[in-house]
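Okay, so here's the structure we're looking at.
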Amino acid sequence: MTNEANPFESLQSQIDSAAVHLDVSADVLERLKRPERVLETNLTVEMDDGSIEVFEAFRSQFNGDRGPYKGGIRFHPGVTRDEVKALSGWMVYKTAVVDIPYGGGKGGVVIDPSEYSESELERVTRSFATELRPFIGVNKDIPAPDVNTGQREMNWIKDTYETLEDTTEPGVITGKAPDSGGSLGRVEATGRSTMLTAREAFDWLGRDIADATVAVQGYGNAGWIAAKLIQDLGADVVAVSDSSGAIHNPDGLDTRDVKAHKNETGGVAGYPEAAEEFGNDDLLTLDVDLLVPAALENAIDADLAVDVQADVIAEAANGPLTPGADEVLADTDTYVFPDILTNAGGVTVSYFEWVQNRQRFYWSEERVNDELEVIIVDAFEDLVAAYEDHDVETLREAAYVLAIQRVVDAFEESGTWP
Ligand code: GLU
């Protein structure tokens, strides 16, 4: 990750560049560029050895014009207030692009979870849930998993909330394990929408994804599932990476076997069937048909973008390209399918989970996947229509044009008070 861009400034510049194509007044625009509120808290948690540690944590509620705030909670040592603010804004525009009835929020705890025991992580999570309790709610703000959090943490948050509120309210959080009210298909959803977006993108460009070569940066939940599902369409996944390193095989890697290796050894590095190991930047600049950045923000900055050779980029991560990288790529033949569509499968199946929780009626995995496909394909069509109808330079601008208009419509229909 480079230090080139503050993600919050990136978000604001993305909104500005889309807004010139819309009839939005400057004062309304200003509102769309800032969070409504940010909770900043310091969690005091007892460690296994009896000592006390303090962890900074944030929850940003960016905009609720279209519905309750919605978005994940990440555990990462690099979490900052500005990063959480940016991520919460991206959630607003993400839920608007796929047209599900939510606003946007995001949370983060400054912690490297690999350095703590499970019981310490449970106390950190429950402590954060206790701080969050007055802010969240099934109709107010609904957290979910994000980087380094998953079903386990969501179950702890649900349990803490329900215990403190003396109720059962599984819809207060999504991304839970199925036995605790989670939805089938939720774990795979981000990777699945990445695959669907890539498939539709190749189709739109008059190409067949089955003939594509693919590189995937990041082999966590989003990256590995995207790699697997895209390989299942017939494409050759020739390079993948994670924090342990990057591996390359021009004849294609067996994505499931790479995952088994990662499960055994902790990373993709050292995978025996790789023809070579190289650096993360080599992967990002590899001459492939499809590049899937699926790690953190700012993976590709303007300097690196000059060397990017992929024809299509599908952003499975949030904010992997800096605005500088966008500017460079806008002048090339590379099509960038933005995060707020590509990875929206996660929040979309969170929406299905919330609907199932509220109805106390659970769907089959097949139904979840079918309904997700309808939403992503419809959003893809709306996006390319916006791209073709407006004089925009990039698909990202088109996505923001579409999303901002939806948020502004909701805001203007409701009016301001007091
Ligand atoms: N953390 C995911 C995202 O960035 C999912 C959020 C959610 O399910 O609410 O979209």
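Model label points for residue 366 and residue 391, set 7 angstrom from Cα along the Cα-to-Cβ axis, are 5.0 nm apart.
Applying the criteria of a DSSP loop state and at most 10 other Cβ atoms within 10 Å to the GluC sites (Glu not before Pro) of the range 128-197 yields no site.
If R0 equals 41 Å, the separation of the Cβ atoms of residue 41 and residue 208 corresponds to a calculated FRET efficiency of about 0.25.
If R0 is taken as 51 Å, the Cβ-Cβ distance between residue 381 and residue 168 corresponds to a FRET efficiency of 0.85. Set Lys and Arg Cβ to +1 and Asp and Glu Cβ to -1, take the dipole of the range 34-118 about its Cα centre, and tell me which of 76, 61, 109 lies farthest positive. With unit charges placed on the Cβ atoms, the residue in question is 61. With R₀ fixed at 35 Å, the C-beta to C-beta distance from residue 152 to residue 23 puts the FRET efficiency at about 0.15.
Extension gain for the segment residue 49 to residue 31, taken as residue separation times 0.36 nm less the Cα-Cα distance, is 1.8 nm to one decimal. Protein heavy-atom accessible surface, 1.4 Å probe, per residue over the chain: 39 Å². What is the distance in Å between the Cα centres of the range 75-106 and the range 291-311? So the two Cα centres are separated by 21 Å. Annotated for the chain: lysine pairs at least 8 residues apart or interchain, Cα distance under 12 Å, count 7. Here the spin labels are modelled as points 7 Å beyond Cα on the Cα-Cβ line, and at residue 276 and residue 139 they lie 6.0 nm apart.
Here is how the number arises for the chain: DSSP H runs of 4 or more residues each give -39500 (n - 2.57), the sum is divided by the residue count, and the result at 222 nm is -14000 deg cm²/dmol.
In terms of overall dimensions, the chain has a Cα radius of gyration and Dmax of 20.4, 64 angstrom.
Rolling a 1.4 angstrom probe over the chain with all protein chains present gives an accessible area of which 43% lies on carbon and sulfur atoms. The range 13-58 and the range 169-211 have Cα centres separated by 25 Å.
The values are calculated or read from the model by the stated rules, or taken from the named source; none is laboratory data. All values reported here derive from a predicted model rather than from experimental measurement. A quick note on method: Cβ atoms are made from the backbone with ideal geometry, for glycine too, and the neighbour counts reach across all protein chains shown. The area values use the complete protein model at the heavy-atom level, side chains included, leaving out ligands, DNA and RNA. Shrake-Rupley method; radii C 1.70, N 1.55, O 1.52, S 1.80 Å.
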